[in-house]
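Take a look at the structure set out below.
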Amino acid sequence: MSRSVSVVGGGVIGLSIAWRAARSGWSVRLYDPSIGSGASWAAGGMISPLSEGWPGEERALEVGSASLDRWPEFGKELEVGAGVELFTSDSSLTVALDGADAQDLRTIAEWVVAQGRDLQILSRTEVRELEPMLARGVRLGLLAVHEMAVDNRLLLHALRQCSVAAGVEYIPRAVQSLEELDADQIVVAAGTASPSLWPGLPVRPVKGEILRLRSRPGVTPAPGRTIRGSVHGRPVYLVPRADGIVVGATQYESGNDTQVTLAGVRDLIADAEALMPAVGEYELHEVSAGLRPMTPDNLPLIGRVSDRVVVATGHGRGGILLAPITADATMALLEGSAVVEAEAADVRRFEKASMPDISRKS
Ligand code: GLY
């Protein structure tokens with residue numbers, strides 16, 4: 001008889017784990033009242049661990065790079081399985097609009113290259129040749145040739161389709177307590193709801209608002225790759241889609257509030273225009289907000305917390321990026337081994353996570 005696992009949470013992390021577990025022969029139930037509707041639905045879809053790096057954040061670079069390396073195969077399997085095209089860009093370009101930003105880009109490039117990864121500094125002219133629609137004030141660029149982006153909503157669709165094909169059973173309800181579940185193993189992948197299932201997990205919600213722009217006849221073409229930058233200290237990104245551009249994202253610590261504010265939309269539009277002045281030609285198709293499950297050190301929490309429970313949560317701004325390594329690391333934990341590149345995300349680095357007794361129900 002196959003072993004059973006209940007996965008709690010149907011975002012990109014829970015879906016990826018459920019898919020992989022079913023494919024490895026586990027009998028899988030996935031619990032979520034509304035699969036794929038949370039932060040993974042709101043996301044931009046960037047996969048950018050190198051250009052988001054910073055000296056001193058070696059552990060984040062290691063985990064992120066290990067996941068980036070897994071993305072081509074992970075994405076290809078889903079594309080073939082679901083018959084969709086997930087990738088909307090195969091590289092990313094971070095641009096500097098002032099001297100301080102230009103210095104920051106040089107610092108990132110030097111550090112990432114010293115860690116054995118590839119990032120290239122581009123001059124103002126080279127940036128204009130690559131992406132002529134960007135603002136004339138751009139001073140410098142940082143090109144990451146392997147940092148792709150995916151359509152996050154197609155990704156959720158593909159994961160769901162491939163999971164069903166692999167035998168995952170969906171249970172469309174919220175789990176209030178892990179004691180309700182009688183599977184051999186449980187995976188908590190419930191994003192910001194995870195601490196209510198496993199008290200003490202250091203995960204807090206960080207709100208992000210995001211815009212979806214649609215192309216219209218005759219508009220200036222969208223960039224060919226993900227564009228990132230900083231305007232008045234606020235990070236902003238433009239991620240290409242088959243039908244337009246996704247513009248993200250604000251960042252607020254405001255509890256579980258998911259309302260979209262006028263100020264958030266105003267800032268996103270202004271910051272996007274600072275990168276690409278013609279962005280105003282596009283249709284404002286959708287505004288939405290999601291809650292990133294953040295941890296104190298911005299690394300996820302992946303690890304075994306009891307003989308029946310594994311957690312895979314706290315992915316913050318990196319849920320899409322970190323899905324492949326999280327699925328591999330969680331499968332290794334379920335099978336009694338470990339993935340070395342995910343060690344920096346070990347949940348045990350936060351000792352205060354309490355360990356409620358949920359021995360197997362008979
Ligand atoms: N993944 C990008 C963001 O959270 O804004």
Subset of the range 313-327 (residues that are within 15 Å of the ligand (Cβ to nearest atom) and aliphatic (A, V, I, L, M)): ILE320, LEU321, LEU322, ALA323
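Taking the residues in the range 229-251 that are of a type in the set (Val, Ile, Thr) and not in a loop (DSSP other than H, G, I, E, B) as candidates, determine which candidate is farthest from the chain's Cα centre (by Cα). Please lay out each step first, then the result.
So the first thing to find is which residues in the range 229-251 are of a type in the set (Val, Ile, Thr), and the list is 231, 236, 239, 245-247, 250.
Now narrow it down to the ones that are not in a loop (DSSP other than H, G, I, E, B): 231, 236, 239, 245-247.
Values: VAL231: 22, VAL236: 15, VAL239: 13, ILE245: 17, VAL246: 14, VAL247: 15 Å.
Checked the range 229-251; the qualifying residue farthest from the chain's Cα centre (by Cα) is VAL231.
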Answer from SER51, SER65, SER6 - the residue that is assigned to a helix (DSSP H, G or I) and either among the charged types (D, E, K, R) or modelled with pLDDT of 95 or more (or both): SER65
Enumeration of residues in the range 213-228 that are of a type in the set (Val, Ile, Thr) and outside any loop (DSSP other than H, G, I, E, B): THR226, ILE227
Selection within the range 285-344 - touching a Lys or Arg at 6+ places or on another chain (Cβ under 7 Å), more than 17 Å from TRP19 (Cβ to Cβ) and assigned to a strand (DSSP E or B): HIS285, GLU286, ALA289, LEU291, ARG292, MET294, GLY303
Answer residue from the range 74-103, given it is free of Cβ contacts under 8 Å to residues at least 12 places away in the same chain and in a helix (DSSP H, G or I) and is farthest from ARG228 (Cα to Cα) among those: VAL80
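Across the range 183-212, what is the total count of residues that are away from the ligand (no atom under 16 Å from the Cβ) and part of a strand (DSSP E or B)?
Qualifying residue count, the range 183-212: 4.
Take the conditions in contact with a Pro (Cβ under 9 Å, 6 or more places away or on another chain), within 16 Å of the ligand (Cβ to nearest atom) and part of a loop (DSSP other than H, G, I, E, B) and apply them to SER254. Does it pass?
On the way: in contact with a Pro (Cβ under 9 Å, 6 or more places away or on another chain): yes; within 16 Å of the ligand (Cβ to nearest atom): yes; part of a loop (DSSP other than H, G, I, E, B): yes.
Yes.
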Residue in the range 143-160 that is at pLDDT 95 or above, surrounded by 17 or more Cβ atoms within 10 Å (Cβ to Cβ) and more than 19 Å from the chain's Cα centre (by Cα) present: yes
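Conditions (1) at pLDDT 95 or above; (2) more than 16 Å from the ligand (Cβ to nearest atom); (3) buried (at least 20 other Cβ atoms within 10 Å of the Cβ), marked per residue:
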residue: ARG241; (1), (2), (3): yes, no, yes
residue: ILE245; (1), (2), (3): yes, no, yes
residue: ASP271; (1), (2), (3): yes, no, yes
residue: GLY280; (1), (2), (3): yes, yes, no
residue: VAL287; (1), (2), (3): yes, no, no
residue: PRO293; (1), (2), (3): yes, no, yes
residue: ARG304; (1), (2), (3): yes, yes, no
residue: VAL311; (1), (2), (3): yes, yes, yes
Total residues in the range 95-114, condition farther than 11 Å from ARG139 by Cα and surrounded by 15 or more Cβ atoms within 10 Å (Cβ to Cβ): 5
Those residues of the range 213-233 which are among the β-branched types (Val, Ile, Thr), more than 16 Å from the ligand (Cβ to nearest atom) and touching a Phe, Trp or Tyr at 6+ places or on another chain (Cβ under 8 Å), in sequence order: VAL219
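The values are calculated or read from the model by the stated rules, or taken from the named source; none is laboratory data. Here the structure is a predicted model, which means the values were calculated and not measured. In this analysis, Cβ positions are derived from the backbone assuming ideal geometry, glycine residues included, and neighbour counts consider all displayed protein chains.
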